[in-house]
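The block underneath contains the structure these notes are about, expressed in structure tokens.
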2 protein chains.
Amino acid sequence: MFGLFSKRWNPDGKHVYIPGGSSGLGLALAHILAQKGSHVSIVARNQQKLNAALKSIEAPYSMPLDSGTAAAMALEVVCQPHAGEAPDAVIACAGSAKPMFFVEMDEDDLVDGMSNGYWIQAWTGWAAAKMMAKQRKKGAKIVFVSSTLGYMSFIGWASYAPAKHASRGLADTLQSELMLYGIDVQIFFPPTMSTPGFDEENKTKPEITRRIESTDECVPAEQVARSLYKGIVNGPAHISSNLLTSLFAASTRGAVLRDNWILDALYDMIAFIAMPVWRSSVDRQVRAHRDEHQQYLTSKGFFTS
Amino acid sequence: MFGLFSKRWNPDGKHVYIPGGSSGLGLALAHILAQKGSHVSIVARNQQKLNAALKSIEAPYSMPLDSGTAAAMALEVVCQPHAGEAPDAVIACAGSAKPMFFVEMDEDDLVDGMSNGYWIQAWTGWAAAKMMAKQRKKGAKIVFVSSTLGYMSFIGWASYAPAKHASRGLADTLQSELMLYGIDVQIFFPPTMSTPGFDEENKTKPEITRRIESTDECVPAEQVARSLYKGIVNGPAHISSNLLTSLFAASTRGAVLRDNWILDALYDMIAFIAMPVWRSSVDRQVRAHRDEHQQYLTSKGFFTS
């Protein structure tokens, strides 16, 4: 029956591949899984970060992941010590964001947003699905990492929110399609986390975006990783780790498989009232920012006349 | 107050730019707007299609739209007869889909899916937002065209659904951000339409995808264009044109501005029951297709062992 996930996933002795596992959420998850007995492989671009992660992770590799070919090659390399067998689970944690005002973005900002928010995970998903399907690896798992910004969006996120919505579109498609091969697909929607990535995105984040987010608590990556781990073990199609994201999840659930009908109905009812209240408060803040923003753009020479 | 759109948009005498207006939905909408007194400019790649559209459209141009630079140049050209003034409305209708099995897609299939489903519209939105904001063109409009597959997805749509989800992410972001400039952003979610694009996508569509869609009625583009027109005039953030899409819209609404609280609550309640029923029927069809699919892949030499 839909909505019932009685089969718990056991990480012990499994080969888990975490692209993007050298820092932040990916690294925190790698630690948990290693503790639970998984053989964890991580791949990241940055050798320095990998070195720091080295002590606790069995198999760290420095390889690019930014194309289908690169992701397929990285996957092949991490599977070599496992006799070429596809991983039991692939958890695509790589990604980064660069919030900015839309009218100040150049072409590269938009393209990079899609590359760093979507493709960096999609390519690994593509390579992993092919490998798992070819090897008839039933019960294998692919987990994508989106963001609360995969459920909704607001000012400042025009390069990132489309990428995180795209991740959801891909995961929801594959959740249906990879049933053909007995491969499970899940997607995680983490909230604001205190990670190196968060510090990086704050460098370009517009003041108004920061102000709207100021009511969010910034959760340690380790705590968020525990929620992700729990979700991976329990198996719901969409994984949330805090109440706000669960409300967004409920109110954008659509045709996603239900996890708990009673909780879902409750969240739905709360969200029906809470969403417009949240939205109305954001809109008010954006409108109140109009004059300040006009002055800002004028000072930057944006207006020609 | 949120949820109240009392200001109707009047197309008479307005300059409306429709990239992708040479066929299908875009052309049908161009005809309606021309009849209502708009000065319609269309841009498309295909000169032949443009010639066919020529008779009824004031200003057809053949130009590429596949990068920010190209879209900005096309926008500049269509604005020349209007003294360089930004259009009153830009309605991004361009796009195409190529449904396939995920494990049979190559890198280009995935990249093209994002280009033809997302970027072809995003670039025009990017160029238009900059131009409108620079010219302080309050009351201007940008309309994106997603798909029912921007609200949900299933087997076969792994290159298209992410792009259409991304369009939603962009529109929802800009609906918030372009308030700063008094620019309205809307997004349309059309269902299956009988258009040249639909004939094209049927060439690669897997049999199982076709079977799942077989209960959809295929609506003429002219009828869908009338719904889009009505939506553009009335102003809701998300525009649907049939009941099924309205149910998906209700159940994935999230923080999107409400149009009608009573209708929304009703749709929510129907969707709460209808979505799992729909999903369960799709899953049943996918599972029933397993053996046939294994045979198909085997016949194609997909399995190495």
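If the requirement is being β-branched (Val, Ile, Thr) and out of contact with any strand residue (DSSP E or B) (no Cβ under 6 Å at 6 or more places or on another chain), which of these qualifies: A:THR173, A:THR148?
Numbers: A:THR148 fails: out of contact with any strand residue (DSSP E or B) (no Cβ under 6 Å at 6 or more places or on another chain).
Criteria check complete, one pass: A:THR173.
Return the residues of the stretch B:249-266 that are over 20 Å from B:VAL185 (Cα atoms) and within 11 Å of chain A (Cβ to nearest Cβ); say none if nothing qualifies. Write out each step before concluding.
Just the residues of the stretch B:249-266 that are over 20 Å from B:VAL185 (Cα atoms), to begin with: B:251, B:261-266.
Matches in the stretch B:249-266: B:SER251, B:TRP261, B:ASP264, B:ALA265.
Answer yes or no as to whether A:VAL233 is away from every other protein chain (no Cβ under 11 Å) and within 27 Å of A:GLY117 (Cα to Cα).
Values: away from every other protein chain (no Cβ under 11 Å): yes; within 27 Å of A:GLY117 (Cα to Cα): yes.
Taking the combined requirement at face value, the residue satisfies it.
Restricting the stretch B:231-272 to residues that are aromatic (Phe, Trp, Tyr) and free of Cβ contacts under 8 Å to residues at least 60 places away in the same chain leaves a set whose member that is nearest to A:PRO276 (Cα to Cα) is B:TYR267.
Determine whether B:TYR118 is over 27 Å from A:LYS205 (Cα atoms), surrounded by 24 or more Cβ atoms within 10 Å (Cβ to Cβ), facing another protein chain (nearest Cβ under 9 Å) and in contact with a Gly (Cβ under 9 Å, 6 or more places away or on another chain). When the stated conditions are applied, B:TYR118 does not pass them.
Within the stretch A:97-109, residues that are without any contact (Cβ under 8 Å) to a residue 60 or more places away in the chain and of a type in the set (D, E, K, R) reach partners that are open to solvent by less than 50 Å² (accessible area, probe 1.4 Å) and in a loop (DSSP other than H, G, I, E, B) with beta carbons closer than 6 Å, at six or more positions or on different chains, in the pairs A:ASP109/A:SER159.
With the condition kept exactly as written, say whether any residue in the stretch A:194-206 is over 20 Å from A:GLY117 (Cβ atoms) and open to solvent by less than 40 Å² (accessible area, probe 1.4 Å).
Restricting attention to the stretch A:194-206, the residues satisfying the condition of being over 20 Å from A:GLY117 (Cβ atoms) are none.
So far as the stretch A:194-206 goes, no, none of its residues is over 20 Å from A:GLY117 (Cβ atoms) and open to solvent by less than 40 Å² (accessible area, probe 1.4 Å).
Within the stretch B:22-39, the residues that satisfy the criterion of being open to solvent by 30 Å² or more (accessible area, probe 1.4 Å) and not in a loop (DSSP other than H, G, I, E, B) are B:LEU27, B:HIS31, B:ALA34, B:GLN35, B:HIS39. Among the candidates B:ASP66, B:ASP88, the residue that is over 28 Å from B:ARG279 (Cα atoms), touching a His at 6+ places or on another chain (Cβ under 7 Å) and open to solvent by 20 Å² or more (accessible area, probe 1.4 Å) is uniquely B:ASP88.
Of all the numbered requirements in (1) touching a Gly at 6+ places or on another chain (Cβ under 9 Å); (2) not in a strand (DSSP E or B), A:ILE42 misses one, and that requirement is (2). Considering (1) open to solvent by less than 10 Å² (accessible area, probe 1.4 Å); (2) among the polar types (S, T, N, Q); (3) in contact with a Ser or Thr (Cβ under 8 Å, 6 or more places away or on another chain), the lone condition that B:SER246 does not fulfil carries the number (1).
Condition first: hydrophobic (A, V, I, L, M, F, W, C), closer than 18 Å to B:ALA128 by Cβ and not in a loop (DSSP other than H, G, I, E, B). Now tell me which residues in the stretch B:45-78 satisfy that.
In the first step, residues of the stretch B:45-78 are kept if they are hydrophobic (A, V, I, L, M, F, W, C); the result is B:50, B:52-54, B:57, B:59, B:63, B:65, B:70-75, B:77-78.
Next cut, closer than 18 Å to B:ALA128 by Cβ only: B:59, B:63, B:65, B:70-75, B:77-78.
Those that are hydrophobic (A, V, I, L, M, F, W, C), closer than 18 Å to B:ALA128 by Cβ and not in a loop (DSSP other than H, G, I, E, B): B:ALA59, B:ALA70, B:ALA71, B:ALA72, B:MET73, B:ALA74, B:LEU75, B:VAL77, B:VAL78.
The listed residues are A:GLY235, A:GLY231, A:GLY301, and the only one of them that is at pLDDT 90 or above, farther than 26 Å from B:ASP264 by Cβ and open to solvent by 50 Å² or more (accessible area, probe 1.4 Å) turns out to be A:GLY301.
Residues are listed down the side, and each one gets a yes or a no for (1) at pLDDT 95 or above; (2) closer than 17 Å to A:ARG253 by Cα; (3) in contact with a Phe, Trp or Tyr (Cβ under 6 Å, 6 or more places away or on another chain):
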position: B:ILE239; (1), (2), (3): yes, no, yes
position: B:ASN242; (1), (2), (3): no, no, no
position: B:VAL256; (1), (2), (3): no, yes, no
position: B:TYR267; (1), (2), (3): no, yes, no
position: B:ILE270; (1), (2), (3): no, yes, no
position: B:ALA274; (1), (2), (3): no, yes, no
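Does A:ALA133 fit the bill of being within 9 Å of chain B (Cβ to nearest Cβ) and farther than 16 Å from A:SER159 by Cβ? For A:ALA133, the condition - within 9 Å of chain B (Cβ to nearest Cβ) and farther than 16 Å from A:SER159 by Cβ - is met. Within the stretch A:160-180, the residues that satisfy the criterion of being more than 7 Å from every other protein chain (Cβ to nearest Cβ) and open to solvent by 10 Å² or more (accessible area, probe 1.4 Å) are A:TYR160, A:GLN175.
Would it be correct to say that B:TYR296 is more than 8 Å from every other protein chain (Cβ to nearest Cβ), over 19 Å from A:SER280 (Cα atoms) and buried (at least 18 other Cβ atoms within 10 Å of the Cβ)? Here the answer is no, as B:TYR296 does not meet what is asked.
Screening B:THR304 with (1) among the hydroxyl-bearing types (Ser, Thr, Tyr); (2) in a loop (DSSP other than H, G, I, E, B); (3) more than 27 Å from B:PHE101 (Cβ to Cβ) gives one miss only, at (3).
Applying the selection to the stretch B:13-31, what residues are touching a residue at least 40 places away in the same chain (Cβ under 8 Å) and either farther than 15 Å from B:ALA74 by Cα or among the β-branched types (Val, Ile, Thr) (or both)? B:LYS14, B:VAL16, B:ILE18, B:SER23, B:GLY24, B:LEU25, B:GLY26, B:LEU27, B:ALA28, B:LEU29, B:HIS31 - these are the residues of the stretch B:13-31 that are touching a residue at least 40 places away in the same chain (Cβ under 8 Å) and either farther than 15 Å from B:ALA74 by Cα or among the β-branched types (Val, Ile, Thr) (or both). Only a single item in (1) over 21 Å from B:GLY231 (Cβ atoms); (2) open to solvent by less than 30 Å² (accessible area, probe 1.4 Å); (3) among the hydrophobic types (A, V, I, L, M, F, W, C); (4) within 14 Å of chain A (Cβ to nearest Cβ) is not met by B:ALA83, and it is number (2).
Being within 18 Å of the chain's Cα centre (by Cα) and within 30 Å of A:ILE208 (Cβ to Cβ) narrows it down to one residue among B:ALA255, B:ALA225, B:ALA249, B:ALA221; which is it? Before the answer, list the steps.
Numbers: B:ALA255 fails: within 18 Å of the chain's Cα centre (by Cα); B:ALA225 fails: within 30 Å of A:ILE208 (Cβ to Cβ); B:ALA221 fails: within 30 Å of A:ILE208 (Cβ to Cβ).
Selected residue: B:ALA249, the only one of B:ALA255, B:ALA225, B:ALA249, B:ALA221 that is within 18 Å of the chain's Cα centre (by Cα) and within 30 Å of A:ILE208 (Cβ to Cβ).
Output the residues belonging to the stretch A:136-158 that are at the interface with another protein chain (Cβ under 8 Å from one of its Cβ atoms) and more than 18 Å from A:GLN175 (Cβ to Cβ). Outline the logic, then answer.
Restricting attention to the stretch A:136-158, the residues satisfying the condition of being at the interface with another protein chain (Cβ under 8 Å from one of its Cβ atoms) are A:136, A:149-158.
A:ARG136, A:LEU149, A:MET152, A:SER153, A:PHE154, A:ILE155, A:GLY156, A:TRP157, A:ALA158, listed by residue number.
Taking the criterion of being part of a helix (DSSP H, G or I), within 30 Å of A:GLN295 (Cα to Cα) and touching a helix residue (DSSP H, G or I) at 6+ places or on another chain (Cβ under 9 Å), would at least one residue in the stretch B:181-196 satisfy it? Break it down into steps so the answer makes sense when it comes.
Applying the first criterion (part of a helix (DSSP H, G or I)) to the stretch B:181-196 yields B:181, B:196.
Restricting the remaining residues to those that are within 30 Å of A:GLN295 (Cα to Cα) gives B:181.
The next check asks that each one be touching a helix residue (DSSP H, G or I) at 6+ places or on another chain (Cβ under 9 Å); those that pass are B:181.
Looking for residues that are part of a helix (DSSP H, G or I), within 30 Å of A:GLN295 (Cα to Cα) and touching a helix residue (DSSP H, G or I) at 6+ places or on another chain (Cβ under 9 Å), one finds at least one in the stretch B:181-196, hence yes.
Could you tell me which residue of the stretch A:91-115 is most open to solvent (accessible area, probe 1.4 Å), considering only residues that are within 13 Å of chain B (Cβ to nearest Cβ) and part of a loop (DSSP other than H, G, I, E, B)? My answer is A:ASP106. Among the residues that make up the stretch A:135-156, is at least one of them open to solvent by less than 10 Å² (accessible area, probe 1.4 Å) and assigned to a helix (DSSP H, G or I)? So far as the stretch A:135-156 goes, yes, one or more of its residues are open to solvent by less than 10 Å² (accessible area, probe 1.4 Å) and assigned to a helix (DSSP H, G or I).
Restricting attention to the stretch A:257-266, does a residue exist that is part of a helix (DSSP H, G or I) and touching a strand residue (DSSP E or B) at 6+ places or on another chain (Cβ under 9 Å)? Within the stretch A:257-266, not a single residue is part of a helix (DSSP H, G or I) and touching a strand residue (DSSP E or B) at 6+ places or on another chain (Cβ under 9 Å).
The values are calculated or read from the model by the stated rules, or taken from the named source; none is laboratory data. Bear in mind that the values here come from a model prediction, so they are computed numbers and not experimental data. Glycine gets a Cβ as well: all are built from the backbone with ideal geometry, and neighbour counts include every protein chain shown. The area values use the complete protein model at the heavy-atom level, side chains included, leaving out ligands, DNA and RNA. Shrake-Rupley method; radii C 1.70, N 1.55, O 1.52, S 1.80 Å.
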